[in-house]
1. Please list 3J(HN,Hα) in residue order for region 22-33, calculated via the Karplus relation 6.51 cos²θ - 1.76 cosθ + 1.60 where θ = phi - 60°; whole Hz, with x for glycine and proline.
2. How high is the relative contact order of region 5-272, given as a whole-number percent (alpha carbon pairs under 8 Å, six or more residues apart)?
3. Would you kindly work out the equivalent ellipsoid of the chain from its C-alpha gyration tensor and give its semi-axes, the square roots of five times the eigenvalues, largest first in whole Å?
4. Cut-off is 10 Å between beta-carbons; in what order do His75, His37, His58 appear when sorted fewest neighbours first?
5. Please report the spacing between the Cα centers of region 77-133 and region 195-240 in Å, no decimals.
6. Report for region 5-272 the percent antiparallel among DSSP-assigned beta bridges with both residues inside it, nearest 5.
7. How much net charge surrounds Pro152 when only the other residues with a Cβ under 10 Å from the Cβ of Pro152 are counted, with Lys and Arg +1 and Asp and Glu -1?
Amino acid sequence: MTRPEFTVVRRVALPNGVQLEIAEQGARDGVPVVLLHGITDSRLSYEPMWQQLPKHWHTIAVSVRGHGESDRPPHYALADIAGDVALLAEALQLQPMVVVGHSMGAAVAMQLAIDRPDLVRALVGIGAFASFGDKPDLRAYRDTEIEALRDPIPDGVAREFQVSTLAGPLDATWLEMMVRESRKVPARVWRAAFDGLLADSFCAGLPTLTMPVLLLWGSADAFVPRADQDRLRSVLPAAELQVYDGVGHAVHWEQPTRVTQDLQRFVDALAARGAPRRSPGLVAELPRSH
């Protein structure tokens, strides 16, 4: 029998043939909170917050296709990645869920909410873009440095990319782990995933989103300007913005405790408004070390 509280890391086989690596903790019948990482990261992106998250939630950190220990299929459009998350939600009986995404993960979360609003109770965007295609530096980076990438990914490329997301110091051991995660991602996936972002497939559907949204943004974000947060707030009627002064793009790495507190406040407010709950489901566990 499945325990009511648990922590497990495993791979889940989806009906489309893709296997995703996930980490889970909490209560099976708790509020489902799904964590989606940024490009070239993995489920480990949320490790600084992991032990601080409420144990009465059912929290799932996902390594999306091509990342971490998940499968590496050919296609990486946002709809492909969001489709995997939808299948995962159905397999684990997570709906309706709170979906938290950092950077690329925020775009995936919005695409998921556009495509399958029945699965999404609320959205949290950490360093969320309103669009990617209008960022000339990002497009130039894709067309030069990423286009030239070959396997194995050079340490210097992965390190520079990760460091660029920060505005302050980070624990050296943690940074090394995330550099290794970036180097796991094949060059073809770097290219395809960036192409998926630059297509901006989610933008047209944003006005259809009516669920509560929390935006967490660092004022020293080198990738996402404040204008993107203002655009998201203008098009998402239920969006709230929290600004972290002097913090970079990886807000949840630099300020994990505050992000956890803001997230808990947001989820608790949903519960106070009568957020729908689901019945506990039985799902086979394949434990691994976390």
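1. 9, 10, 10, 7, x, 9, 4, 9, x, 4, x, 10
2. 20
3. Semi-axes from the Cα gyration tensor: 26, 22, 19 Å.
4. With the sparsest Cβ surroundings first, the list reads His75, His58, His37.
5. First find each Cα centre; the distance between them is then 13 Å.
6. 40
7. +1
Values in this text are rule-based calculations from the coordinates and carry no lab data. Bear in mind that the values here come from a model prediction, so they are computed numbers and not experimental data. A quick note on method: Cβ atoms are made from the backbone with ideal geometry, for glycine too, and the neighbour counts reach across all protein chains shown.
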